[in-house]
Amino acid sequence: ATNRTFTMIKPDAVKNGHIGAILEKITASGFNIVAMKYTQLSKRDAEQFYAIHSERPFFGELVEFMTSGPIVAAILEKDNAVDDFRTLIGATNPEEAAEGTIRKLFATSIGENAVHGSDSDENAAIEGSFHFSGREIF
Ligand code: CMP
C-alpha cells in the first residue's frame with residue numbers, strides 16, 4: 001500500500017472561502033502536502049477525471065459543477081493516507097457525514113460536497129498523475 005492520497009477542494013468550498021480552514025484541518029490531522037496547485041478544470045479534464053461515473057444520471061451535473069470555478073488539487077502523504085483521509089472528509093452526502101468531518105463542516109449537498117478524496121491506492125496514483133508531473137511532487 002502507498003502512503004499517498006489525492007484531494008481536490010471543490011468549487012463550492014473555494015467560493016465559500018473555506019480553502020484555509022480545510023487545509024488547516026488536513027495538516028492538523030497529520031497529512032503532509034507533497035504537491036498542490038490552484039487551478040480550474042476544463043470540461044474535457046472533468047469528463048476524463050470522472051470517466052468512471054460517465055453512465056451515472058448525475059454525470060452532467062458533476063462535470064458542470066466541477067468546472068464552475070477554481071479548485072485546489074493536492075497530493076497528501078501520511079501512513080494509511082487513503083483510508084484516514086476518507087475518515088477525515090466523511091460521507092459523500094454531508095447529511096450522513098460524521099460530526100467534525102470536513103464535509104459535515106463545509107459541504108452543502110451530495111453534489112457540492114466541498115472535497116474529493118481518492119477511494120483506493122490505485123486511484124490515488126492515477127488521480128495524482130492526472131494533475132501533477134514528477135517535478136511538481138516534493
Ligand atoms: P466524489 O466522491 O468526490 O466523486 C464523485 C462525485 O459525484 C461525488 O464526490 C459527488 O460530488 C458526486 N455525486 C455522487 N452522488 C451524486 C448524486 N446523487 N448527485 C449529484 N452528485 C453526486
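The values are calculated or read from the model by the stated rules, or taken from the named source; none is laboratory data. Here the structure is a predicted model, which is why all the values come from computation and not from measurement. Methodologically, a virtual Cβ is constructed for each residue, glycine included, from the backbone with ideal geometry; neighbour enumeration extends over all protein chains shown.
Below is a table of values for the structure above.
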item: Inter-residue pairs, beta-carbon under 8 Å, first farther than 17 Å from residue 8 by Cα and at pLDDT 95 or above and in the stretch 36-59, second within 14 Å of the ligand (Cβ to nearest atom) and not hydrophobic (A, V, I, L, M, F, W, C), 6+ apart; result: 54/47; 58/111; 59/50; 59/53
item: Total residues in the stretch 106-138, condition free of Cβ contacts under 8 Å to residues at least 60 places away in the same chain and either surrounded by 17 or more Cβ atoms within 10 Å (Cβ to Cβ) or not in a helix (DSSP H, G or I) (or both); result: 6
item: Residue count for the stretch 17-36, restricted to those that are within 22 Å of residue 129 (Cα to Cα) and in a loop (DSSP other than H, G, I, E, B); result: 1
item: Residue in the stretch 47-59 that is more than 14 Å from the chain's Cα centre (by Cα), within 25 Å of residue 121 (Cα to Cα) and surrounded by 17 or more Cβ atoms within 10 Å (Cβ to Cβ) present; result: yes
item: Leading residue by the ranking (nearest to residue 129 (Cα to Cα)) among those in the stretch 65-98 that are among the hydroxyl-bearing types (Ser, Thr, Tyr) and either more than 12 Å from the ligand (Cβ to nearest atom) or in a strand (DSSP E or B) (or both); result: 67
item: Qualifying positions in the stretch 13-32 - surrounded by 13 or more Cβ atoms within 10 Å (Cβ to Cβ) and either under 13 Å from the mean Cα position of the chain (by Cα) or at positive phi (or both); result: 13, 14, 19, 22, 23, 26, 30
